[in-house]
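Visitor: The following block contains the structure, expressed as structure tokens.
Read-outs throughout are calculated quantities, based only on the coordinates presented, and are distinct from any laboratory measurement. The structure displayed is predicted, hence computed values, not measured ones. Every residue, glycine as well, gets a Cβ built from its backbone with ideal geometry; the counts of neighbours run over all protein chains shown.
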Amino acid sequence: MDSKALQKPKAQTGDQPECAGRAPGERAERRAVVLRDMIESDIGDYVRWFTEETEWMNWDAPWENEETSEEEERRSWSEYYASVRELPPDAVRWKFEIELDGRHIGWVCRYFDLDYMENQDRIPAVGIDIPEPGLRGQGAGTEALRQFIDYLRAHGFSRVYTQTWSGNKAMLCTAEKLGFKVVCRRIGLRTVRGEKFDALTLELEP
């Protein structure tokens with residue numbers, strides 16, 4: 001399936017961003033952020049996010065955006081749901097849905113195939129998207145990634161990467177709050193809306 005959610009949502013960054021809001025290490029307050037497996041009702045959300053509510057695509061690898069249709073997305077996500085709905089409880093997940101106060105707002109995932117550098121040690125990279133309108137910038141993404149990183153570490157992954165481009169200041173702020181540091185910078189590799197941006201890989205060490 002070609003959907004970006006089933007490939008690798010990319011974190012995106014630059015130099016030290018000016019991050020407003022919560023201080024590093026501060027958790028989202030009074031809001032319940034939960035990671036869970038996909039359920040059938042999520043299919044409709046994915047169809048909407050990939051065909052109607054698409055502003056988030058301006059930040060997640062916008063150089064990859066492709067035309068799609070509601071019919072194509074519904075078929076693809078139905079097939080994907082059928083492939084994951086009976087995963088055994090002890091299977092290590094590569095993707096979780098994000099709920100905020102009981103509302104499905106996006107997803108987190110991991111992957112090993114890095115874009116900008118070799119990964120012979122098979123260190124997982126994490127990605128996140130919150131396509132639901134009006135819910136970014138409230139700390140939910142930081143808390144969701146924190147929970148996912150804790151999950152990966154509990155399953156033996158002590159080091160974690162994330163990748164992004166220097167125009168995505170929101171992802172840079174999230175990565176900074178969690179303690180990620182830039183380990184690889186490809187100057188001017190990405191062109192977005194006619195402007196050159198750096199491609200970066202960041203690492204969170206134990």
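Visitor: Suppose the chain between Leu114 and Lys196 were pulled fully straight at 0.36 nm per residue; how much longer would it get relative to their current alpha carbon spacing?
Guide: Contour length minus Cα-Cα distance gives 27.5 nm.
Visitor: Set the Förster radius R0 to 22 Å, insert the Cβ-Cβ distance between Asp90 and Arg159 as r into 1/(1 + (r/R0)^6), and round the FRET efficiency to 0.05.
Guide: For R0 = 22 Å, the calculated efficiency reads 0.45.
Visitor: Distance from the Cα centre of the range 153-206 to that of the range 40-108, in angstrom?
Guide: 22
Visitor: Once the piece of chain linking Ser41 and Ile123 is laid out straight, how much longer is it, given 0.36 nm per residue of separation minus the C-alpha distance between them?
Guide: Length difference between fully extended and current span is 26.3 nm.
Visitor: Right, another one. List Val34, Val182 from most exposed to least, where exposure is judged by having the fewest other Cβ atoms within 10 Å.
Guide: Val34, Val182
Visitor: Using only alpha-carbon positions, what ratio does the radius of gyration of the range 4-204 give when scaled by 2.2 N^0.38 Å?
Guide: The reported ratio for this selection is 0.98.
Visitor: Starting with the fewest neighbours, write out Ile39, Ile123, Ile98 ranked by other beta-carbon atoms found within 10 Å of each beta-carbon.
Guide: Fewest-to-most ranking of Ile39, Ile123, Ile98: Ile39, Ile123, Ile98.
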